[in-house]
Amino acid sequence: MSDDQAGRILSWTLNPSKPAFAPPPGAVDAHCHVFGPQAQFPFSARAKYLPRDAGPEALFALRDRLGFTRNVIVQASCHGTDNAATLHAITRSNGRARGVAVVDPAIGDAELDRLHEGGMRGVRFNFLKRLVDDAPKDRFIEVSHRIARLGWHVVVYFEADILAELRPFLAAIPVPVVIDHMGRPDVSQGPDGADMRAFRALLDSRDDIWTKVTCPDRLDAKGPPYDDFVRAVRPLVEDYPDRVLWGTDWPHPNMQDAIPDDGALVDVIPRIAPTAELRRKLLIDNPMRLYWPEEM
Ligand code: 0GY
């Protein structure tokens, strides 16, 4: 570790286990990030955490170790609205990565075109107060209108306690919507708990709301083998098989106190998607439809 990395957070394991489950050829890790490298791509002055470097080489090594083929790289909040690190990683992927950008709401069409050229296929709106200073709903709606011509979608990150408040905002978005980590339900309530019922009501409100069935490490307080997560999430995958995505969430921002083993996360997949058909949809068909539609 170089000196400039001292004091920065390490939130991922350097020795993930090899999963027992082998993803099908073509599988997409549809939620992951890169951090830096800081010397080339400095973190935002407004970053809420300063992680160690987790660049494209490490991401693609993990992809290969876990048995995935492609990545969708989501711009991490520590890089603010400067998408250079994410674009750089996409460039290094030989066509095997695409991305989701975070943009200044004042962004113009020419810059959106540049992001599209660079492999971005969506924008992320983050409502977590511990990660961002502001989340201007009216301006986010303007952005979502502006990206429609590119065939993009929006990714929204929020926690379960503000779902009801966000419903009118989510209803007003004119492009497909992908919800990160199911809006962070309390999975200990089970599949029929209040959080999951509210989230299903959101999915039922329009047929172009998708979700990432991700982050057992963040959502299941009991930890591995993540039984509460599996119990709550498997019925969701079975009931909405064409609108679910899966991802590692590597390098697991802010998880330094309970760093997950990526191999163990992959081994959750066959438990929430118990048939080969469900797994093909979750890992290949669905992410390909959103991120590589021209190959479908
Ligand atoms: C996630 C979750 C988190 C962080 C970010 O952009 C980010 O910094 O998304 C979090 O801390 O909950 O999806 O990576």
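The values are calculated or read from the model by the stated rules, or taken from the named source; none is laboratory data. Remember, predicted model here, so these are calculated numbers, not experimental data. Note that each Cβ is placed from the backbone with ideal geometry, even for glycine, and that neighbours are counted across all protein chains shown. Just so you know, the surface numbers come from the protein's heavy atoms only, side chains and all, with ligands and any DNA or RNA stripped out. Shrake-Rupley method; radii C 1.70, N 1.55, O 1.52, S 1.80 Å.
Lys212: which lysines have alpha carbons under 21 Å from its alpha carbon, excluding same-chain residues fewer than 8 sequence positions away?
List returned: Lys129, Lys222, Lys281.
To the nearest 20 debye, what is the magnitude of the charge dipole of the chain about its Cα centre, counting +1 on the Cβ of each Lys and Arg and -1 on the Cβ of each Asp and Glu? It would help to have the intermediate numbers written out before the result.
Details: 36 positive and 42 negative charges, 55 e Å.
Approximately 260 debye in magnitude.
Using a probe radius of 1.4 Å on heavy atoms only, what accessible surface per residue do you get for the chain? Whole Å² is fine.
I get 40 Å² per residue for the chain.
Express the carbon and sulfur contribution to the solvent-accessible surface of segment 7-49 as a percent, rounded to the nearest whole number, probe 1.4 angstrom.
C and S atoms contribute 57 percent here.
Once a ≥ b ≥ c are taken as the square roots of the eigenvalues of the Cα gyration tensor of segment 1-133, is the result rounded (a/c under 1.5), prolate (a/b larger than b/c) or oblate (a/b not larger than b/c)? Could the numbers behind the result be given before it?
Working: a/c = 1.80, a/b = 1.17, b/c = 1.53.
In terms of gyration-tensor shape, oblate.
Whenever you get a sec, compute what percent of the accessible area on segment 58-189 sits on carbon and sulfur atoms (1.4 Å probe).
49
Expressed as a whole percentage, what fraction of the accessible surface of segment 233-289 belongs to carbon and sulfur atoms when a 1.4 Å probe is rolled over the protein heavy atoms? Write out the running numbers ahead of the final one.
Values: 860 of 1870 Å².
C and S fraction of accessible area: 46 percent.
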